[in-house]
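Everything on this sheet refers to the single structure shown next.
The values are calculated or read from the model by the stated rules, or taken from the named source; none is laboratory data. Not measured: the values here are computed from a predicted model. Note: ideal-geometry Cβ built from the backbone for every residue, glycine included; neighbour counts use all protein chains shown.
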Amino acid sequence: MARRDREEEQSEFIDRLVHINRVAKVVKGGRRFGFAALVVVGDQKGRVGFGKGKAREVPEAIRKATEQAKTNIIRVPLREGRTLHHDIEGRWGAGKVVMRSAPEGTGIIAGGPMRAVFETLGVRDVVAKSNGSQNPYNMVRATIEGLKLEDSPRRVASRRGMKVSDLVSRRQEPVQKTEEVTGEDA
């Protein structure tokens, strides 16, 4: 029974292989090759994590990375289950990413490693830009660090001692333009 529950738990996550790197160790007889894998795991409902794994064979490296990713999962609040609540900047080393919420129908506009994070997270509409390092490890880490800064209106309202409706209504109010007084009217 416990084994079946574990299999169901495993199946709720989808994993995305982001990058595989062949690494060599020079030994007396020549070179020994190994593989390093970067994997992103998520449930497409607001949880995502990433992991790295190294092994002599690719499938073993991917398995190790997936296991590590499942232990490093974070929860990210999403607006309407499809986009971010607000714009975010994330940094990790020389990797800098900017993520912006987008209207419905926009889709995922992001580069490779960032796209994998958003797809596994369950974000359907986002505009993202990577500045700085193009290293996939740094890009994934910068994206995850930025997503950790994401706050929902509920948490912000509770922190400020306000109602959620006050915060959300402020965000959705259109900006009223003041009428300019011209010389003829005055």
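Every condition in (1) crowded, with 21+ Cβ neighbours inside 10 Å; (2) of a type outside the set (A, V, I, L, M, F, W, C); (3) at pLDDT 95 or above holds for Lys64 except the one numbered (1).
Between Pro59, Pro113, Pro77, which is of a type outside the set (Ser, Thr, Tyr) and within 15 Å of Leu149 (Cβ to Cβ)? Within the list Pro59, Pro113, Pro77, the selection yields Pro77.
Here is a check on your reading of the model: is Val76 surrounded by 14 or more Cβ atoms within 10 Å (Cβ to Cβ), within 18 Å of Gly122 (Cβ to Cβ), modelled with pLDDT of 95 or more and of a type in the set (A, V, I, L, M)? When the stated conditions are applied, Val76 does not pass them. Taking segment 111-135 on its own, how many of its residues are surrounded by fewer than 20 Cβ atoms within 10 Å (Cβ to Cβ) and β-branched (Val, Ile, Thr)? Of the residues in segment 111-135, 1 are surrounded by fewer than 20 Cβ atoms within 10 Å (Cβ to Cβ) and β-branched (Val, Ile, Thr).
Looking only at segment 111-147, how many residues end up being among the small types (Gly, Ala, Ser) and touching a helix residue (DSSP H, G or I) at 6+ places or on another chain (Cβ under 6 Å)? Total satisfying the criteria: 2. Within the set of pairs 6+ apart or on separate chains, which have a first residue in segment 20-31 that is farther than 11 Å from Arg56 by Cα, a second that is among the aliphatic types (A, V, I, L, M) and not in a strand (DSSP E or B), and C-beta atoms under 7 Å apart? Matching pairs, first to second residue: Ile20/Val58. Those strands (runs of 3 or more DSSP E) of segment 74-166 in which 2 or more residues are among the charged types (D, E, K, R) and more than 26 Å from Glu12 (Cβ to Cβ) occupy 88-92, 95-101. Residues that are touching a residue at least 24 places away in the same chain (Cβ under 8 Å) and either among the hydrophobic types (A, V, I, L, M, F, W, C) or under 19 Å from Gly42 (Cα atoms) (or both) within segment 91-115 comprise Trp92, Ala94, Val97, Val98, Met99, Ala102, Gly111, Gly112, Pro113, Met114, listed in sequence order. From the residues in segment 34-55 that are at pLDDT 95 or above and either aromatic (Phe, Trp, Tyr) or outside any strand (DSSP E or B) (or both), which one is surrounded by the most Cβ atoms within 10 Å (Cβ to Cβ)? For segment 34-55, the residue satisfying everything is Phe50.
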